[in-house]
Amino acid sequence: MKVKNICCLGAGYVGGPTMSVIALKCPEIRVTVVDLNDARIAAWNSEDLENLPVYEPRLAEVVAEARGRNLFFSTDVDAAIDAADMIFIAVNTPTKTYGEGKGMAADLKFVELCARQIARVATTDKIIVEKSTLPVRTAETLQTILDSTGNDVHFEVLSNPEFLAEGTAIEDLFNADRVLIGGKQTESGRKATQALVDIYAHWLSPKQILTTNVWSSELSKLTANAFLAQRISSINALSALCEATEADVDEVANAIGTDSRIGPKFLKASVGFGGSCFQKDILNLVYLCRYFNLPEVAAYWEQVIILNDYQKHRFAKNIITSLFNTVSGKKIAFLGWAFKKDTNDTRESAAIYVADHLIEDGAEVHVYDPKVSEAKIKGDMRYLWELNGVTEQRIIFKLKQIFVYKTPMEAVDLAHAIALLTEWDEFKTYDWETIYEKMYKPAFVFDGRNILDVIKLTAIGFQVKGIGKG
């Protein structure tokens, strides 16, 4: 089967960049990205390419070249579904906040709604591609829903999990370590798999495209993120020991990373991992293990999350302890709010949880991030507090302890301490002498990413506290 028309349901962090690159590399295929969010689609169609809904290096250039040629963004979902040969599902799959599996299982309501809408609208055979991160055997659920419509339409469901790292998503798409495609081991399943292979083969080599059965593909996504998060929690666990023993976690990481069996990647100690995938996928993995009566396996993976939460709490506690056991009424300047540099994504950002701890202790949190808006920052805190059952009156009171600035110098003015939460490159180049003059003394810097020049800052007069530095 030769695909001529692609529809993607979901114009977020996965759908937008992925479809933009497919459109760029496959000019003969019409690619339509649809979403029910009018404002989001308007932003994708805006001439202001610097303010697309998703910030990723090089994304604006890709969109500029393909949009209007064979890349389109629309809110007309039914029309796009009807015209498509292949439909990608790239909607959000958050962790459930209610009912069975609360706090761990993936909430598949948006995926199910997509399946029902496809089944209702489709009048011709379709290939359905799972792009959202989904639990094992979701494809089976999708197939059941799609096949129950009675419209006499044939659907083939493929699993094609995304392995993008935010901040490098476009480069990851251009030159992927691997693209994973899972399909049914039937004649029609193999034909559908090959149709998707042919799309990626426009720019990737055969050795970069892996094909498996559907279940292996779905599980590979969860376990890939679990293994990466496990490495981060492992080095963060050692960072606490390094601080207690006066070892240097960066030296330890370098020493073990030179072992070819271990390797250096994801051994950078920090205030903790965030993002849309790691925590959600591990919790989903824990839920699956419990569901299949594997409590020891579930406990093993749950410890990765427990350690990550501990690291964020430990960082906040260190700030309070260093500032003479109280931050009540004190100004703590946050440099960074996004969960990592080169993205405006704040989902599960360590900054949210550190801010929560400090605000609970009475601190004022003054934030500067080059890509995250005030509305987003305050929205993140409101969401957390609502999830934790904080009353509306208390939320309004707490929000008055958060201040957001357009420039870093405003944020650090008369601050008692600076907490560096995101590893934006620009933070390393600031005029730290001027920043020192603006702050109360002693002037503390808590480097949650270990990116600053400690010797230089100490010479200026700062008291610098990094992660895993004895």
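Only one of these is in a helix (DSSP H, G or I), surrounded by fewer than 21 Cβ atoms within 10 Å (Cβ to Cβ) and β-branched (Val, Ile, Thr): Thr211, Thr223, Thr149. Name it.
Thr223
Just need a number here: residues in the range 43-98 that are farther than 30 Å from Asn151 by Cα and among the acidic types (Asp, Glu).
Counting residues in the range 43-98 that are farther than 30 Å from Asn151 by Cα and among the acidic types (Asp, Glu) gives 6.
Would you check which residues across the range 125-146 are within 25 Å of the chain's Cα centre (by Cα) and either in a strand (DSSP E or B) or without any contact (Cβ under 8 Å) to a residue 12 or more places away in the chain (or both) and list them?
Ile128, Val129, Glu130
Just the residues that are in contact with a strand residue (DSSP E or B) (Cβ under 6 Å, 6 or more places away or on another chain) and not hydrophobic (A, V, I, L, M, F, W, C), please, taken from the range 281-304.
Once the filter is applied, which keeps residues that are in contact with a strand residue (DSSP E or B) (Cβ under 6 Å, 6 or more places away or on another chain) and not hydrophobic (A, V, I, L, M, F, W, C), the range 281-304 yields only Asn284.
Looking at the range 276-291 only, could you name the residues that are in a loop (DSSP other than H, G, I, E, B) and either aliphatic (A, V, I, L, M) or touching a helix residue (DSSP H, G or I) at 6+ places or on another chain (Cβ under 9 Å) (or both)?
Of everything in the range 276-291, just one residue is in a loop (DSSP other than H, G, I, E, B) and either aliphatic (A, V, I, L, M) or touching a helix residue (DSSP H, G or I) at 6+ places or on another chain (Cβ under 9 Å) (or both), namely Cys277.
Restricting to the range 302-358, what's the tally of residues that are among the polar types (S, T, N, Q), under 21 Å from Asn450 (Cα atoms) and at pLDDT 95 or above?
Here the count works out to 7.
Based on what the data block shows, is Ala338 surrounded by 21 or more Cβ atoms within 10 Å (Cβ to Cβ), of a type in the set (Gly, Ala, Ser), in contact with a strand residue (DSSP E or B) (Cβ under 7 Å, 6 or more places away or on another chain) and outside any helix (DSSP H, G or I)?
No; evaluated as a whole, the condition is false for this residue.
Tell me which residues, restricted to the range 109-136, are of a type in the set (Gly, Ala, Ser) and modelled with pLDDT of 90 or more.
Residues satisfying the conditions are Ala115, Ala119, Ala122.
I want to confirm something. Restricting to the range 406-462 and keeping residues that are under 18 Å from Lys340 (Cβ atoms) and loosely packed, with under 15 Cβ neighbours inside 10 Å, which single residue is nearest to the chain's Cα centre (by Cα)?
The residue in question is Asp425.
Which helices (runs of 4 or more DSSP H) does the range 1-115 wholly contain that include 3 or more residues that are more than 26 Å from Lys376 (Cβ to Cβ) and without any contact (Cβ under 8 Å) to a residue 24 or more places away in the chain?
Filter on the range 1-115 gives an empty set.
Which of the residues belonging to the range 179-196 are surrounded by fewer than 16 Cβ atoms within 10 Å (Cβ to Cβ) and either part of a helix (DSSP H, G or I) or under 19 Å from the mean Cα position of the chain (by Cα) (or both)?
Result: Glu187, Ser188, Arg190, Lys191, Gln194.
Check the range 250-268 and report whether any residue there is within 24 Å of the chain's Cα centre (by Cα) and touching a residue at least 40 places away in the same chain (Cβ under 8 Å).
Yes, the conditions are met somewhere in the range 250-268.
Can we say Ile418 is of a type outside the set (S, T, N, Q), touching a Ser or Thr at 6+ places or on another chain (Cβ under 6 Å) and within 29 Å of Ser276 (Cβ to Cβ)?
No.
List pairs: first residue in the range 357-386 and within 23 Å of Glu426 (Cβ to Cβ) and in contact (Cβ under 8 Å) with a residue 60 or more places away in the chain, second residue of a type in the set (A, V, I, L, M) and buried (at least 17 other Cβ atoms within 10 Å of the Cβ) anywhere in the structure, Cβ distance under 7 angstrom, at least six positions apart or on different chains.
Lys371/Ala338
Which one of these is of a type in the set (Asp, Glu) and closer than 14 Å to Gly16 by Cα: Asp85, Asp35?
Asp35
The values are calculated or read from the model by the stated rules, or taken from the named source; none is laboratory data. Remember, it's a predicted structure, so these values are computed and weren't measured experimentally. Neighbour counts are summed over all protein chains in view; Cβ atoms, including those assigned to glycine, are modelled from backbone coordinates with ideal geometry.
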